[in-house]
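Read the structure below first, then the notes.
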Amino acid sequence: MQGLIGPPDYSQEPSRHPSLRINAKEPFNAEPTRENLISSYITPVEFFFKRNHGPIPLVDDISSYNVSIGGLIAKSIQLSLDDIKKLPKHNVTATLQCAGNRRTAMSNKKEVRGVGWDVAALSNAIWGGAKLCDAFKLVGIEYNTKMTPSGGKHVEFISVDQCKEEDGGPYKASIPLHQASNPFSDVLLAYEMNGEVLNRDHGYPLRVVVPGVIGARSVKWLDQINIIEEECQGFFMAKDYKMFPPTVNWDNIIWSTRKPQMDFPVQCAICSLEDVNTVKPGQVTIAGYALSGGGRGIERVDISVDGGKTWIEASTHQKDDVQYIPDDISSDKWAWVLFKAVVDITEDTEIIAKAVDSSANVQPEHVETIWNLRGILNTSWHRVRLQIAP
């Protein structure tokens, strides 16, 4: 498209913070250290995890950049970045999480395919931009529309990047129209991140942010928005990011038998410690994050210092000087909470963390029960081991 191009190679990649743990170089996929991840409620841009499927697009002329809205609607339009900035601006605090977060731990039980993420394939930011539902009004789609007169029921987002999974074509994904047109879903056409212009890694000049949903639906480097009848049939909707049972393998998989994953389940992980740690006897801080999809809050985070025999409740917080109350108007419903507990350790032990969301969903105890061949949605109890220093 004019103004924004998807390069065919990796010769013009942006610079990244040297502390990132690189899981794949081309395309570039990296996560912050556990310590850096929970160093603040709002993740600094340089520590925000990087998830890509091809070379990072380049803007050659921002004045000629525009995004189209078309498909099964009465009239199609082209919107420049200035046009989008004329719409009411909203700031939405939302955590984006890759569906493959914690994949490495699942692969340790039985091999899976995909980027080997630790526990930091997620981050929290303040996204600034226009609500998609407000842009839709420009083409005659009102709030909370389930279907257009022409039969459109889904909203497809198309990027400009070049993905090998799409045979060199662009990344694409879709969400239901009723979600996209609902003002309370907070789906954004975002041009800012943490109060600054988006950088290239995170979608400059314009991206979609779909809160409460796996990050695969928040398409970066936006080119087209199409109203379509059925779900997008791109690779990452039709043949990836679907949750299959442990009995399905690469010989018997039938992709069409499962719907594309949208909301993510309740999740938490300890980030103040690595998988195996040597400590002195005494007090140890257990800290990390917890979150749930669909706008559900976190009711509590339980910590066990004896391998799951007994439990204590960790403290949880979001914003400084504001008490965190699940699902309250004072809380950020699309964002993670950070948790903390200080415990006494006198011997070698296993520390476990599990979260419960405001709908009483709880993380499964064992990863084996949710193992799947793509290694997505590992939300099993998070476990780390402590060894007393000699």
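Based on protein heavy atoms only, segment 242-335 ends up with 52 Å² per residue of surface accessible to a 1.4 Å probe. Only protein atoms count toward the accessible area here, which uses a 1.4 Å probe; on the chain, the carbon and sulfur part of that area reaches 48 percent.
Dividing the summed -39500 (n - 2.57) terms of all DSSP H runs of n ≥ 4 by the residue count of the chain sets its mean residue ellipticity at 222 nm at -1500 deg cm²/dmol. Amide H to amide H distances under 5 Å link residue 199 with 204, where only residues 5 or more positions off or on other chains count and H is placed in the peptide plane. Once both labels are modelled 7 Å past Cα along the beta-carbon direction, what's the residue 199-residue 24 spacing in nm? Each label point is offset 7 Å from its Cα along the Cβ direction, giving 2.1 nm. Just checking the listed ones, 276, 362, 119: in the Gaussian network model of the chain with Cα springs under 10 Å, the one fluctuating most is 276. Which of the three applies to segment 256-390, rounded, prolate or oblate, going by the alpha-carbon gyration tensor with a ≥ b ≥ c and a/c under 1.5 meaning rounded? It comes out oblate by the Cα gyration axes.
Pairs with C-alpha atoms separated by more than 28 Å, drawn from the list 220/333; 50/164; 89/164, are 89/164. Relative to the compact-globule estimate of 2.2 N^0.38 Å, the Cα radius of gyration of segment 172-268 comes out at 1.21.
The Cα center of segment 237-309 and the Cα center of segment 105-150 differ in position by 18 Å. Phi-derived couplings, Karplus 6.51 cos²θ - 1.76 cosθ + 1.60 at θ = phi - 60°, listed residue by residue for segment 66-82: 8, 10, 9, 10, x, x, 7, 9, 5, 9, 9, 9, 10, 10, 7, 4, 5 Hz, with x used for Gly and Pro.
Listed values for segment 267-276 are Karplus-derived 3J(HN,Hα) couplings in whole Hz (6.51 cos²θ - 1.76 cosθ + 1.60, θ = phi - 60°), namely 8, 7, 7, 7, 10, 7, 9, 8, 5, 10, and x replaces Gly and Pro.
Here's how it looks for residue 213: its modeled amide H is under 5 Å from those of 294, which are all 5 or more places away or on a different chain. Only protein heavy atoms count here; under a 1.4 Å probe, residue 316 has an accessible surface of about 40 Å².
Beta bridges assigned by DSSP with both partners in the chain are antiparallel in approximately 90 percent of cases. Here the contact order of the chain, divided by its residue count and restricted to Cα pairs under 8 Å and six or more residues apart, works out to 17 percent. Could you give the nm distance between label points at residue 310 and residue 254, where each point is 7 Å from its Cα heading toward the beta carbon? Distance between the two pseudo-spin positions: 5.2 nm. Taking amide H as placed 1.01 Å from N in the peptide plane, the amide H of residue 21 sits under 5 Å from that of 31, 33, each at least 5 places away or on another chain. Expressed in units of 2.2 N^0.38 Å, where N is the residue count, the Cα radius of gyration of the chain is 0.99. Working note: Karplus 6.51/-1.76/1.60 with θ = phi - 60° gives segment 50-59 the couplings 10, 10, 9, 10, x, x, 6, x, 10, 9 Hz, where Gly and Pro are set to x.
The values are calculated or read from the model by the stated rules, or taken from the named source; none is laboratory data. For clarity, every value in this text was computed on a predicted model and none was experimentally measured. All Cβ positions, even for glycine, are placed from backbone atoms using ideal geometry, and neighbour counts span all protein chains on display. SASA here: full protein model, heavy atoms, side chains in, ligands and nucleic acids out. Shrake-Rupley method; radii C 1.70, N 1.55, O 1.52, S 1.80 Å.
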